[in-house]
Amino acid sequence: MISGLRTIHPLVLALATIALLALSACGRGPADPSALARSGPVVLVVTGAGAPADAGQGVAYEGLYAMYGIELQGARAFSRPELTAMSWRQMRVDFPVGGSERVFEGPRLSDVLRAAGIPGASVRLTAFDGYEAEVPADMIAAHEPILALRADGQALAIGGLGPVMLVWPRRTQSALSDMNDDLWPWGVFAITPYEP
């Protein structure tokens, strides 16, 4: 039965694409077809950025933001396409520590903080399960971790390690060779500056 579903899946995808094209032709789709590529749901919010009201997309103070007390005033919201459009870096590292190596890809954390208007900040990353990792600014500057969106060519999925995961170059930097996974939060959806 599962193989039958795999056979139907491309057909369903093709029908959905045709339906979207038909809606666009009727004037119900976006005026600019590339608008869908630039937008999308918010996958990461950087708070405390003092971002102008028109920076990124607005997000409502509800759900996990409210549950974990993450204030959103002046926050900078990023969609997956926005993060994908940034300059990316690849890292081949073991995760979990001592496990098999994977190739992670994504923008540097420092570049995302710069885009959010808080370059050089110490930050707290919050994951869906409430796990928080505090990362000092000097550690970010010294090691340039990435906010991975892909592993081994596949997007990090929500419910897996996604939407975003902090990844360090422990394989190539001797100062990180004994690093455990405490500062490798996955399922990250919010970043907040803090004073160490």
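The values are calculated or read from the model by the stated rules, or taken from the named source; none is laboratory data. From a predicted model like this one, the values you see are computed outputs, not experimental measurements. Neighbour counts run over all protein chains shown; Cβ positions are idealised from the backbone, glycine included.
Odds and ends about this structure:
- Looking across segment 76-130, the residues that are over 19 Å from Glu195 (Cβ atoms) and assigned to a loop (DSSP other than H, G, I, E, B) come down to Ala85, Met86, Ser87, Phe95, Pro96, Val97, Gly98, Gly99, Ser100, Phe128, Asp129, Gly130.
Yes/no matrix, rows are residues, columns are (1) within 15 Å of the chain's Cα centre (by Cα); (2) among the charged types (D, E, K, R); (3) closer than 25 Å to Val42 by Cβ; (4) in the same structural domain as Ala60 (by TED's automatic domain parsing):
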position	(1), (2), (3), (4)
Pro81	yes, no, yes, yes
Val93	no, no, no, yes
Arg150	yes, yes, yes, yes
Asn180	no, no, no, yes
Leu183	no, no, yes, yes
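- Any hit, segment 136-152, residues being closer than 16 Å to Arg80 by Cβ and in a loop (DSSP other than H, G, I, E, B): yes
- Filter result (part of a loop (DSSP other than H, G, I, E, B) and among the aliphatic types (A, V, I, L, M)) within segment 159-196: Leu161, Met179, Leu183
- The residues on offer are Gly153, Gly160, and the sole one that is in contact with a Phe, Trp or Tyr (Cβ under 9 Å, 6 or more places away or on another chain) and loosely packed, with under 14 Cβ neighbours inside 10 Å is Gly160.
- Residue within segment 122-135 that is surrounded by 14 or more Cβ atoms within 10 Å (Cβ to Cβ), touching a helix residue (DSSP H, G or I) at 6+ places or on another chain (Cβ under 6 Å) and not β-branched (Val, Ile, Thr) present: yes
- In the set Leu83, Leu147, only one residue is of a type in the set (A, V, I, L, M, F, W, C) and touching a helix residue (DSSP H, G or I) at 6+ places or on another chain (Cβ under 6 Å); that residue is Leu147.
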